[in-house]
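Take a look at the structure set out below.
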Amino acid sequence: MPVDLTGTYLILDDGRPAVRFSRTYDHPADRVWHFVTDSGELRHWFPFRAEMELRPGGAVRFGGDPDAPESTGRVLAVDPPRHLSFAWGGDELRFDLEAVGERRTRFTFTDVLGEANTAARNGAGWEVCLAALDARARGERFEGAHAGMSEPWKEFYAGYLEAGVPSGAPVPGLD
């Protein structure tokens, strides 16, 4: 069964490859900002436990996955409640929030990729994670894993491959 892909593969103005996702949530920007910056909220949808010092240059600590070592990243920019970007591995994750009226927020998430061949793999992973965030924003409980080699991830990965999104990076658990 085909899946609906919500990510778009693109090349940014500076030549770097990226996968971008956009949603509109029925919450004010301050609430959506909390979804992307609070470690208690992140645990519901982000693929790893993440704790961050919300200041440029601040540390971001990732962990909680028994199959992956703990790691750190660095906050690149922060402008509450409109923008957050941080380095994670070879990627840069950007979260941009824009108020749409008084009670709605356009959420744009961009994974600026360190390597183009990670686009299909990462896109599939973010589809599953963002489905968990979507459920959280609706006040629903997300059923199933929001990280790892779940059946939904495999379906999204196949969808990105079929769409011709760059691939070839190692996939833990498949390679």
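The values are calculated or read from the model by the stated rules, or taken from the named source; none is laboratory data. Predicted, not measured: the structure shown is a model, and the values here were computed from it. With ideal geometry, Cβ positions are generated from the backbone for all residues, glycine too; neighbour counts draw on all protein chains shown. The accessibility values were calculated without ligands, DNA or RNA, using every heavy atom of the protein model including side chains. Shrake-Rupley method; radii C 1.70, N 1.55, O 1.52, S 1.80 Å.
Looking at the chain, the pairs of alpha carbons with a distance over 25 Å make up 30% of the total.
Compute the signed sum of charges (Lys and Arg +1, Asp and Glu -1) over the other residues within less than 13 Å, Cβ to Cβ, of T72. Once positives and negatives cancel, what remains is 0. Mean sequence separation of contacting Cα pairs (under 8 Å, at least six apart), scaled by the length of segment 46-156, corresponds to a relative contact order of 16 percent. Here segment 64-135 is assigned +1 on the Cβ of each Lys and Arg and -1 on the Cβ of each Asp and Glu. Its dipole about the Cα centre then comes out at about 300 debye.
Rounding to the nearest 20 debye, state how big the charge dipole of the chain is about its Cα centre with +1 on each Lys and Arg Cβ and -1 on each Asp and Glu Cβ.
Working: 19 positive and 28 negative charges, 75 e Å.
I would put it at about 360 debye.
Under 1.5 on a/c is rounded, so check that first for segment 57-156, then, if it is not, pick prolate when a/b is larger than b/c and oblate when it is not; a ≥ b ≥ c are the square roots of the alpha carbon gyration tensor eigenvalues.
In terms of gyration-tensor shape, oblate.
Other residues with beta-carbon under 15 Å from the beta-carbon of E51 carry, at +1 per Lys or Arg and -1 per Asp or Glu, a net charge of 0.
Placing pseudo-labels 7 Å out from each Cα toward the beta carbon at A77 and N117 gives an inter-label distance of 3.0 nm. Starting from the Cα of R23, step 7 Å toward the Cβ, then list every residue of segment 108-148 with an amide N under 13 Å from that point. In segment 108-148, the label zone of R23 (backbone N under 13 Å from the point 7 Å along Cα→Cβ) covers 108-110, 126-143, 146.
Based on the mean of other beta carbon atoms within 10 Å per residue, what is the order of 140-151, 25-36, 116-127, most packed first?
Ranked from most to least packed, the peptides come out as 116-127, 25-36, 140-151.
Here the sum of -39500 (n - 2.57) over DSSP H runs of 4 or more residues, divided by the residues of the chain, equals -7500 deg cm²/dmol at 222 nm, to the nearest 500. Computed over the chain with a Gaussian network model linking Cα atoms closer than 10 Å, the most mobile of L84, L54, L12 is L12.
In Å², and per residue, what accessible area does the chain have when probed at 1.4 Å with the other protein chains present? Intermediate values should be presented prior to the final figure.
Numbers: 9130 Å² over 175 residues.
In whole numbers, the chain has 52 Å² accessible per residue.
Across all Cα atoms of segment 114-175, the radius of gyration (one decimal) and Dmax (whole number) stand at 12.3, 36 Å. Computing the accessible area with a 1.4 Å probe over protein heavy atoms, can you report the carbon and sulfur percentage for segment 73-175? Exposed carbon and sulfur together represent 49 percent of the surface. Rounded to the nearest 20 debye, the dipole size of segment 1-84 about its Cα centre is 120 debye, using +1 on the Cβ of Lys and Arg and -1 on the Cβ of Asp and Glu.
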